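One structure below.
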Amino acid sequence: MKKFFRFFVSKQFLLNVAAILVIWIIIVVGEMWYLKSSTSFGEKIEVPTFYKIHMDDLDEFIGDRNIKYTIQDSVYMDNWPKGTVCWQYPKPTDSSGMFVKSGREILLSVVPINPQMVKMPDVVDMSQRMAESSLEAIGIRSKVTYQPAIEGKGFVLKQMYNGQEIPAGTAVPKGTRVELVVAQGKTGETTSLPNLIGLTITEARDRLSNLTLSLYPDCATCSTEDELMNAVIHDQNPRGGEGVNVSAGTTITVWATKSQPQ
């Protein structure tokens, strides 16, 4: 027994322990050096706000910031300066708290200087669902408002653009948003409000298609219409569920996140 304890205080044992500690320290220091040199471990660079910066001024705006940018597509937006950035990812640090490492590529979308034009179809007297689908098929976005009308409940009464009725055949920029005025039925009516959390925007629209409710989607991570339509809802206001009723014509705001590829 004494030999056993004597071994733990022997010079040979202590030298072995010291050698193990030295090797462990070398491994840890080497790993930290490798992470810092190859992955910029611990480096934090603020993401600037690119919004409304003209695409011709982006290089000057970047300056000596150690980041890159890529214009991935163009998105038409009403009342937004042409040729300027309207979307970015990652979001600015001052609003999102996100930081990046040196060399990170920032994805940008800009408002086109000369947007593609499409002809406005005639969707008056169509059901809300059919009208929205017809507009979406040619790249026109829509928002829905309701107007009391006893006859034609759920059907489009007017198609509006910039506050004015827009005739069929009028050329509008692809990606623009038109307003569909839909017959609400009698005033004071209520309708059930389902729980939309966990659905995609497309599925939520289908779920509301037979109800006098409009959907307003918000997806901070989406940059295209396809991404928006497939984004998954994680919150809604007002909240829905079994036994929940709201006034006909209520706008349901939903917050969604871009779905990840399988």
**OP:** Measure out, as a whole number of angstrom, how far apart the alpha-carbon centroids of segment 49-89 and segment 116-163 sit.
**Re:** 32
**OP:** Please list the non-local residues whose amide H lies under 5 Å from the amide H of Ala248, H modeled 1.01 Å from N, same-chain partners needing a gap of 5 or more.
**Re:** Glu189, Thr190, Thr191
Subject >> Among beta bridges that DSSP assigns inside segment 76-220, antiparallel share in %, nearest 5 >> reply: 65
Original post:
Given +1 on the Cβ of Lys and Arg, -1 on the Cβ of Asp and Glu, and no further charges, what dipole in debye does segment 119-262 carry about its Cα centre, rounded to the nearest 20?
Top reply: 140
**OP:** Sort by residue number and name the cysteines in the chain that have no neighbouring cysteine Cβ under 4.7 Å.
**Re:** Cys86
Subject >> Bridge type composition, the chain - antiparallel percent by DSSP, nearest 5 >> reply: 60
Subject >> Amide H partners (placed H, <5 Å) of Tyr146, local residues excluded >> reply: Val182
Subject >> Shape of segment 143-262, Cα gyration tensor, a/c cut at 1.5 >> reply: oblate
**OP:** Just the number, please: percent antiparallel of the DSSP beta bridges in segment 172-261, rounded to the nearest 5.
**Re:** 65
**OP:** Could you size up the charge dipole of the chain around its Cα centre, putting +1 on the beta carbon of Lys and Arg and -1 on that of Asp and Glu, and report it in debye to the nearest 20?
**Re:** 1540
Original post:
Once the dipole of the chain is set up with Lys and Arg at +1 and Asp and Glu at -1 on Cβ about the Cα centre, which of Tyr161, Ser127, Leu193 lies farthest towards its positive end?
Top reply: Leu193
Subject >> Spin-label model distance (nm) - Arg65 vs Glu43, 7 Å beyond Cα toward Cβ >> reply: 1.6
Original post:
What angle do you read, to the nearest 10 degrees and between 0 and 90, between the alpha-carbon axis of helix 11-39 and the longest principal axis of the chain?
Top reply: 30
Original post:
Which entries in the list Lys68/Lys143; Lys52/Lys158; Lys52/Lys174 go over 26 Å, if you measure between the two C-alpha atoms of each?
Top reply: Lys68/Lys143; Lys52/Lys158
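Where a number appears in this text, it was derived from the coordinates with a stated rule and is not lab data. Note that the structure is predicted; figures quoted are calculated from it, not measured. For neighbour counting, all protein chains shown are included, and Cβ atoms are generated from backbone atoms with ideal geometry for every residue, glycine included.
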